[in-house]
Amino acid sequence: MIETLRDYCRLFISPEYADDLAQGFIMQEQNWEGPLAVNDQVDRTLLQWQILENKVGAKINSNYRFQMGLMRAYYDAYIKQRLVYETHLEYKAKDCLRQAKTIGSLEAIKNAQNTLNKALLQPVATGLKQKCEVLSDSLYKNIGCQLSVEKHGAKSRTRGAFMDGIDEPLNNIAWLTSQFSEINKMESEDEKLSAIDRLLNRTNPGPGGFYDNMGTHGSKRRIKNTISWEEDPGTLDSPRFSFNYTIDDPDEKNFPLAWKNQVTTIYETPLVLFYEHLDPLASYSLKVAYVGRITGTLRLVADEKYTVHDLLQTGEAQIREFRIPRAATEDGYLELKWTCGEGQRGTQVAEIWLIKN
């Protein structure tokens with residue numbers, strides 16, 4: 001691969017900097033390995049592209065292929081800094097909510113909302129964003145690259161206009177704000193405090209339970225039917241991770257951020273998850289969010305023989321709950337297998353709570 005990249009850079013950008021550029025493109029692939037918030041490679045990648053930017057001269061800096069690599073380096077770094085900052089703000093906002101019983105629900109909610117709003121009022125890394133805007137305009141001027149609907153005439157946000165999403169929230173500000181509005185409408189303080197407690201414990205499966213956000217890197221440990229990239233490079237027979245754009249959905253504010261990412265299978269490929277260390281003396285129930293672009297019918301079977309639910313329609317933004325047959329968990333293990341209806345597009349699962357009763 002490196003020799004191919006060197007040839008590409010030598011031919012289309014600069015023979016003098018072919019190796020440096022090729023290494024830079026490889027580093028950008030490493031930007032997407034693992035969770036972004038803890039990926040130090042993103043910062044090193046930007047530094048090396050900035051060094052190239054400062055030494056290659058005006059001719060190469062105006063080369064659109066170089067600009068595309070430079071844009072990626074700045075964009076990844078900007079998103080990472082925003083992710084770290086906005087995640088921190090959400091944690092601080094939840095700390096505000098935890099004071100509700102002491103300072104009152106309305107004051108706690110106001111403090112939490114003010115904390116979340118800092119992402120808009122006190123943004124970070126604005127210089128990186130401005131650089132992305134300059135490069136996107138230059139790419140439009142050079143080759144007609146349409147990275148924005150309004151500025152460059154792109155067809156839609158989901159058709160390559162990624163500059164229109166550069167400031168999309170990376171925490172749950174939209175969903176939390178909608179929850180705050182509903183809580184403030186409640187009549188009694190006890191109702192409001194109970195609602196705040198449910199909000200803070202939304203992903204808590206309770207003692208002895210299990211929670212999985214199936215669109216995250218950590219959820220891979222549950223997936224049993226993963227096939228190696230060498231055997232299945234197109235993930236046709238293996239689960240993949242997908243992102244559901246809901247930019248134009250009027251109900252987007254009601255979606256937790258976790259619902260925008262799912263584990264997905266294509267067509268007849270099943271999704272198989274495995275749980276261990278269960279209490280053999282306990283019974284369990286399952287809560288699951290079937291949210292994503294793929295809608296249709298799904299069937300769920302435990303341990304290949306116990307039907308948890310037969311084919312049911314998915315696509316509605318809701319959490320469903322089912323009982324797990326006791327016989328499926330009495331050995332301390334549980335396998336869950338989802339399949340779609342015949343001829344349908346596949347399976348998508350966003351969140352799972354396995355709750356010990």
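Between residue 4 and residue 37, what is the label-to-label distance in nm when each label sits 7 Å out along the Cα-to-Cβ direction?
3.5 nm
Return the Rg/Rh ratio of the range 205-356 with Cα-based radii and a Kirkwood Rh.
Over the Cα atoms of the range 205-356, Rg/Rh equals 0.95.
Strictly over 24 Å apart at the Cα level, which of 224/305; 92/287; 80/101; 94/337; 92/151 would you flag in this model?
Those over the limit are 92/287; 80/101; 94/337; 92/151.
Using Cα pairs under 8 angstrom and six or more residues apart, how large is the relative contact order of the range 174-305, in percent?
RCO, the range 174-305: 26 percent.
How about the range 270-300: which trypsin sites (Lys or Arg not before Pro) there are in a DSSP loop, with at most 16 other Cβ atoms within 10 Å of their Cβ?
Answer in residue order: 293.
Within a Cβ distance under 9 Å of residue 74, other residues only, what is the Lys/Arg minus Asp/Glu net charge?
Surrounding charge for residue 74 is +2.
Could you state the angle between the C-alpha long axis of helix 18-30 and the longest principal axis of the C-alpha atoms of the chain, as a value from 0 to 90 degrees rounded to the nearest 10?
10 degrees
Once each part is reduced to its C-alpha centroid, what is the distance from the range 276-305 to the range 96-132 in angstrom?
35 Å
What net charge do the residues around residue 1 carry, taking every other residue with its C-beta under 14 Å from that of residue 1, with Lys and Arg at +1 and Asp and Glu at -1?
That sum, taken over residues with Cβ under 14 Å, equals -3.
Find, among the GluC sites (Glu not before Pro) in the range 102-204, those assigned to loop by DSSP (not H, G, I, E, B) with at most 10 other beta-carbon atoms within 10 angstrom.
Qualifying residues, ordered by number: 187.
Over the range 47-204, what is the relative contact order in percent, taking alpha-carbon pairs closer than 8 angstrom and at least six residues apart?
Computed value for the range 47-204: 23 percent relative contact order.
If you filter the range 81-137 for trypsin sites (Lys or Arg not before Pro), then keep DSSP loop positions with at most 16 other Cβ within 10 Å, what is left?
The qualifying sites are 98.
[x] -0.53, -1.08; [y] -0.62, -0.98; [z] -0.65, -1.18: which one is log10 I(q)/I(0) by the Debye sum over Cα atoms at q = 0.09, 0.13 Å⁻¹ as calculated from this entry?
Identified label for the calculated read-out: [z].
Return a whole-number percent for the relative contact order of the chain, with Cα pairs under 8 Å and 6 or more residues apart as the contact set.
For the chain, the relative contact order is 13 percent.
Given a 10 angstrom Cα cut-off, can you work out which residue in 263, 291, 134 is the most mobile in a GNM of the chain?
Maximum among the listed residues: 134.
Values quoted throughout were computed directly from the atomic coordinates according to the rules given, and no laboratory measurement underlies them. In this text the structure is predicted, and so the values were computed from the model without any measurement. Cβ atoms come from the backbone with ideal geometry, glycine included; neighbour counts cover every protein chain shown.
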